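A.B. asks: One structure follows; several queries about it will come next.
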Amino acid sequence: MFVHGPWLSDGASSYDSGGFKELEEVKRSLATRGLEETRLQWEAHWRGALTDLDILWLKGVARCNSIRIPMGFFALGPVFCTGTDFEGEPSEVYINCWNILKRLIENCYNHGIGVLIDFQTIPGSMDQNSQSDSGIADFCASERSWTIATDCVAFIVQEVTFHAMRGVIGVQISSETDWKTCALRKWYDEVLEITSCVNPPLPIYISDGRNFSEALDYAMMKNRLGATVCRSPIIVDTHKYYTTGSYRHMKPEAIISRVHDALPELSTRQGKVCSQGTAVDAYIGQYSCAMGSQTWGRVSPSERLALTKAFGQKQSKQWQSRTCGSAFVGYKIHRISGDEWDFVQQVSNGAIPPPPWLAFSRAQVLSKIGQAETQRPHVRRTALSQHSALPDTREHQQYALGWNLGFSDALSFFGVLARDIVPGGWNGGEKIGAMELWIRKRMTDVEQLDEKFAEEWENGFRKGVSDFCDFVGISTDDLL
């Protein structure tokens, strides 16, 4: 959206790491149309990329509560293009781009949709001949390019903070490279020092660098409890596709059955914030309903629609239960043909259903909240009676404190739409997304927490959340 200009609508490939294709098209337009007409054409493209009707569909039909918007360094305008190939007249095309993006974020917020700003194009990160066979960069950008990228992220976070951009749910820092090829850890360290100084509560999403386990461990190191200074909470972004590698030799049914076992790396890293002294959550930054042509060749064409629907539903359920969020590969996407890459089509087919709780009416949400508040003493007594520790012990008291806060937090999240805490007047309930990091935050908030019995408090908190979710009809997979 804010990585490519109007040329993408002509069916060209959108894989454009480093912005080389974008620069080529901008220069071509400048040579034939001049600066003013080119700028107006690019701005019309940005303004029309996500219209009010699109936003209404995303919220009212697809029930999206957040979207991911990618952007390149050049979207920040001439200052951040200095020293890059965009310097000079090409950079002037983007002089209003950032303000257009900010207005879009505000519009999304007013419709109850949060935005993850995905800064994904690092200047000079690769040239047209530098892709590996997997389509990913296999060498590093220059030191100057990394510095510009750091400055860009710092500026974005400052804008989010000092202009009170309420619609921003986080900032993602992406790179086409991996942990081994470049000093990715060093760059992340530098960026996170800055974001932690500017806006410590703002979540920062990092790409997994083609090694999900290593990225999770890095995030856990940064998310440690008891840090002397407040630090940005880190969420790990990973992409899930089933079109290449060994998946090409599998039948659709076999691939679908594999989805349930996706993200096994999280099992040993979640569910025990206190004992591990840290927390981590994951985000699916891209996925689709596509499988390879060899896979589809193993079944009858008449089965494709039903299998695609089952595939999408299986992924939706898995990502809802195992991650703090997910983003389909794209809403308006031009580089790939086929319905399985089309979000609108897959929502219409029922392959990407919204979570059931987002489909509750406002009246249902308010009614469920009222019932939960009325029945809370009974639910609490039942939960505490099942706790192994005796009522007069510190273990039991800490468990009870955790339960109280967990139930209250879950109730507060559930009612944010119906109580108009999030604007827009929309239907639907909500649940705590990044559960592990939320527990980490609440542990630092609670003054009465006895560190000796912190695990009991955490168990009580998770039970309180689970009890509320069960009561109102929200899936509680993996909350405990």
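The values are calculated or read from the model by the stated rules, or taken from the named source; none is laboratory data. Predicted model only: the values in this text are computed from it and were never measured. Quick reminder, even Gly has a Cβ in these numbers, built from the backbone with ideal geometry, and neighbours come from all protein chains shown. Just the protein is used for accessible areas: all its heavy atoms, side chains included, with ligands, DNA and RNA removed. Shrake-Rupley method; radii C 1.70, N 1.55, O 1.52, S 1.80 Å.
A.B. asks: Which of (1) under 22 Å from Ser232 (Cβ atoms); (2) modelled with pLDDT of 95 or more; (3) not hydrophobic (A, V, I, L, M, F, W, C) is the odd one out, the single condition Lys463 does not satisfy?
C.D. replies: (1)
A.B. asks: Something else: Evaluate the following for Thr150: is it polar (S, T, N, Q), in a helix (DSSP H, G or I) and either open to solvent by 40 Å² or more (accessible area, probe 1.4 Å) or within 30 Å of Leu449 (Cα to Cα) (or both)?
C.D. replies: The answer is no for Thr150.
A.B. asks: Tell me the residue from Gln375, Gln364, Gln371, Gln386 that is closer than 26 Å to Gly312 by Cβ, surrounded by fewer than 18 Cβ atoms within 10 Å (Cβ to Cβ), of a type outside the set (A, V, I, L, M, F, W, C) and out of contact with any strand residue (DSSP E or B) (no Cβ under 9 Å at 6 or more places or on another chain), please.
C.D. replies: Gln364
A.B. asks: Can you tell me which residue within region 401-418, out of those that are part of a helix (DSSP H, G or I) and open to solvent by less than 10 Å² (accessible area, probe 1.4 Å), is nearest to Phe453 (Cα to Cα)?
C.D. replies: The qualifying residue nearest to Phe453 (Cα to Cα) is Gly402.
A.B. asks: Of all residues in region 1-28 being assigned to a helix (DSSP H, G or I) and open to solvent by 60 Å² or more (accessible area, probe 1.4 Å), which is modelled with the lowest pLDDT?
C.D. replies: This residue is Asp10.
A.B. asks: Looking at (1) among the aliphatic types (A, V, I, L, M); (2) open to solvent by 20 Å² or more (accessible area, probe 1.4 Å); (3) within 18 Å of Asp54 (Cα to Cα), which is the one condition that is false for Val299?
C.D. replies: Among (1) among the aliphatic types (A, V, I, L, M); (2) open to solvent by 20 Å² or more (accessible area, probe 1.4 Å); (3) within 18 Å of Asp54 (Cα to Cα), the lone unmet condition for Val299 is (3).
A.B. asks: Further, regarding this structure: Out of the residues in region 339-353 that are open to solvent by 40 Å² or more (accessible area, probe 1.4 Å) and in a loop (DSSP other than H, G, I, E, B), which is modelled with the lowest pLDDT?
C.D. replies: Once the filter is applied, the top-ranked residue is Asp342.
A.B. asks: Take the residues in region 258-310 that are farther than 20 Å from Ser246 by Cα, of a type outside the set (S, T, N, Q) and part of a loop (DSSP other than H, G, I, E, B); name whichever of them is nearest to the chain's Cα centre (by Cα).
C.D. replies: Out of the qualifying residues, it is Val280.
A.B. asks: Can you tell me which residue within region 419-454, out of those that are open to solvent by 40 Å² or more (accessible area, probe 1.4 Å), within 30 Å of Glu106 (Cα to Cα) and in a helix (DSSP H, G or I), is modelled with the lowest pLDDT?
C.D. replies: Only one residue fits best here, namely Asp445.
A.B. asks: Examine region 384-398 for a residue that is farther than 21 Å from Asp450 by Cα, in a helix (DSSP H, G or I) and in contact (Cβ under 8 Å) with a residue 24 or more places away in the chain, and state whether such a residue exists.
C.D. replies: no
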